[in-house]
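For reference, the structure is listed below as structure tokens.
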Amino acid sequence: MRVGLAIHLLRRSFGTMLGLALVAMIVALALAGPFIVPYPDDVQGAVNLTNKLQPPSAAHWFGTDEVGNDILTRVIIGARLSLLVGIAIPLAAALIGVPLGILAGTAGGGLREAIMRVTDLFLSVPGLVLAIALVAALGPGIGNAMIALILVWWPGYVRLAESKALAIREEPFIEAARAAGATQLRILWRHVLPNSLSPLIVKMSMDIGQAILAIASLGFLGLGAKPPTPEWGAMISIARGYLPDWWWYAICPGALIYASVLGFNLLGDGLRDMLDPRSNRG
Amino acid sequence: MIRYLVRRAALAVVMLFGLICLTFVIANVAPSDAAALAAGPDAGRAQIEQARRDYGLDRPLHEQFVRYVTDLGRGDFGRSVATGRPVGQDLAKYFFATLELCLVAMTLGILLGIPLGVLSAVFQDRWVDHGTRIIAVSGIALPPFWFGLLLQLGIASSLGWLPTSGRLSVFTEPAAPITGLLLVDSLLRGNGALFAEALSYLILPAIVLSLPCLASILRVNRSEMVEALRADHITAARAHGVSRLRIVAVHALKNAMLPTLAIIGLRWGWMMSSTVLVETVFDWPGIGLYAVSSAIAGDFKPVMGVTLIVGLNFMLANLVVDLLYGALDPRIREA
């Protein structure tokens with residue numbers, strides 16, 4: 001697709017621009033975090049009890065938490081963790097799911113049946129409950145929560161890659177490549193994979209937002225990151241105990257979760273309109 | 001139709017068996033020792049071995065699996081090692097609280113989602129459409145637990161209009177359950193005060209739970225309606241002078257309903273899953289809260305029980321949707 005057309009489509013849509021701006025903000029916070037935070041000592045949880053639970057002020061824009069840490073500082077630092085986890089989960093899931101899906105779609109027969117039935121099985125339980133079951137078995141913690149979410153996420157990529165591979169397999173240009181003597185591996189790498197790339201990028205963009213939300217959800221439930229790790233969901237879970245009197249504590253981390261999920265969703269929507277206009281929206 | 005029904009039901013049974021296998025595998029790859037947990041933190045080696053024998057954990061895996069399946073067949077989900085109570089009993093107690101919450105949230109989602117979807121398709125790119133797009137986009141992105149806290153903060157604490165959390169006031173003693181759904185039970189008994197109280201506790205969690213579902217229904221319904229309104233038979237109907245209301249409400253909506261139905265079925269399963277977050281925020285005594293507190297304690301029998309119940313609900317919802325699809329769309333039965 002031509003770059004000029006892409007930019008035109010991008011600028012025409014307010015939602016996509018908003019999504020792009022939000023994503024840019026989160027990425028900037030994640031990259032520059034340690035250099036711009038007002039109170040670097042508070043990152044790992046310095047204890048400063050004389051300063052605890054201060055309301056928002058010029059010195060502490062979003063107030064302070066129960067051990068006197070600046071909430072703004074901890075929320076900015078949290079962007080790095082959330083973005084990293086949010087990218088790692090769909091990426092790992094795609095690395096597992098896409099090869100399996102392409103294999104299932106091109107191989108057919110018993111192998112395809114086996115891969116797709118296992119996939120269906122994992123898709124038969126809604127993600128969050130399956131993730132909780134896996135975390136219960138593996139034990140709480142951010143690492144195990146990530147493993148659980150990757151195990152929940154890969155089947156979606158198998159489905160996507162399989163359907164694309166199936167659709168492309170019948171195209172005349174694949175037949176032409178085969179007739180010209182291209183090996184199976186070359187056909188997969190040069191033709192099937194690039195043609196599956198657009199929906200894959202769209203799905204990954206959407207999934208980054210959903211993964212950020214999922215890891216924060218597990219953190220909130222007490223099954224993910226543990227305090228004093230500056231993770232947004234875990235922060236809200238503590239802040240919950242300080243409602244309603246210390247209301248500002250819960251506002252800021254939640255707003256950032258919302259902003260990042262919204263950003264990646266809108267960006268994904270916009271990318272779909274650009275890259276994959278015929279697909280079904282849902 | 002009968003053949004389609006039988007084939008679809010057989011597939012559901014196979015999936016259910018697969019799900020049982022999956023929960024068994026998850027429970028058995030766990031690195032933590034269930035016997036040690038059951039024996040308690042102060043137990044010595046002998047007591048742990050005793051617990052291992054009591055729970056049958058010393059048997060070979062295939063024997064344990066056969067026992068697991070036969071127990072499930074009798075409705076026995078095992079015992080919670082943390083509380084010692086049978087998981088089946090707990091699930092029966094908590095499930096109806098979750099069911100009530102999900103039913104009300106789903107009703108809200110459907111009653112608001114479909115009309116809003118229709119309106120935004122009819123008034124495409126006008127202000128109604130832009131307004132509903134904000135609901136559709138934020139409904140999926142808002143963290144449910146944070147939205148719940150905001151509602152508690154604003155409507156329950158500051159304004160004092162509704163109670164903050166729980167299913168009933170701690171001072172209210174609900175009568176013995178008839179259906180297990182408090183709203184229905186209180187109406188059956190003619191107890192208006194109890195109905196009003198139960199409803200006041202239900203509203204906020206139901207709103208939070210319904211938002212993502214409302215957003216999905218709205219999105220799907222809108223895009224299907226836009227598509228349907230462009231179809232040739234709609235133009236023909238308009239040319240024949242059929243009223244605008246009839247065209248939208250009958251001709252177009254009928255075509256848009258099948259995909260909407262599919263998303264409703266899918267959302268029912270997801271709702272049973274995201275209820276975990278909502279129940280935690282609002283201290284709603286359902287299976288979600290039960291699963292989370294058990295998961296934190298490392299007590300997996302309850303967690304696996306909840307996983308099975310949620311998975312079963314998800315499969316049943318998909319089954320119902322598929323059968324409705326088959327009944328409404330002859331092309332699917334033939335395939």
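Values for this structure:
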read-out: Long-range HN-HN contacts of B:Arg79 with modeled amide H, under 5 Å; value: B:Val87
read-out: At least 20 Å² of accessible area lost relative to the chain alone, listed for the stretch A:203-223 with a 1.4 Å probe; value: A:Leu213, A:Ser217, A:Phe220, A:Leu221, A:Leu223
read-out: For the stretch B:70-79, Karplus couplings with θ = phi - 60° (6.51, -1.76, 1.60), whole Hz, Gly/Pro x; value: 5, 4, 4, x, 8, x, 9, 8, x, 10
read-out: Distance (nanometres) between label positions extended 7 Å along Cα→Cβ at B:Ala297 and A:His8; value: 6.4 nm
read-out: Length-normalised contact order for chain A - Cα pairs under 8 Å, 6+ apart - percent; value: 25 percent
read-out: Net length gained if the chain between B:Asn28 and B:Arg85 were fully extended (0.36 nm per residue, minus Cα distance); value: 18.4 nm
read-out: Length gained when the stretch B:Ala92-B:Ile155 is fully extended (0.36 nm per residue, less Cα-Cα span); value: 19.5 nm
read-out: 26 Å Cα cut-off, lysine pairs counted over the protein assembly as shown (separation 8 or more, or different chains); value: 4
read-out: At least 10 Å² of accessible area lost relative to the chain alone, listed for the stretch B:150-184 with a 1.4 Å probe; value: B:Leu150, B:Leu153, B:Ser157
read-out: Nearest-0.05 FRET efficiency for B:Leu61 and B:Leu258, computed from C-beta distance (R0 56 Å); value: 0.80
read-out: At R0 = 35 Å, FRET efficiency that the Cβ-Cβ distance of B:Val6 and B:Glu173 yields, to 0.05; value: 0.15
read-out: Per-residue HN-Hα couplings for the stretch A:242-259 [Karplus 6.51, -1.76, 1.60; θ = phi - 60°; Hz; x = Gly/Pro]; value: 10, 8, x, 5, 10, 4, 5, 4, 7, 5, 5, x, x, 4, 6, 4, 4, 4
read-out: Computed accessible area, A:Val27, all protein chains, 1.4 angstrom probe, square angstrom; value: 50 Å²
read-out: Where labels lie 7 Å past Cα in the beta-carbon direction, separation of A:Glu170 and A:Ala24 in nm; value: 4.3 nm
read-out: FRET efficiency, 1/(1 + (r/R0)^6) with R0 30 Å, evaluated for B:Ile134 and B:Leu162 via beta carbons; value: 0.80
read-out: Exposure of A:Trp247 as accessible area (Å², to 10), given a probe of 1.4 Å and all protein chains; value: 120 Å²
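The values are calculated or read from the model by the stated rules, or taken from the named source; none is laboratory data. Fair warning: this is a prediction, and the values are worked out from it, not measured in the lab. Here Cβ is always computed from backbone atoms with ideal geometry, including for glycine, and neighbour counts include all displayed protein chains. The protein model used for the area step is the full one, side chains on, heavy atoms only, and it has no ligands, DNA or RNA in it. Shrake-Rupley method; radii C 1.70, N 1.55, O 1.52, S 1.80 Å.
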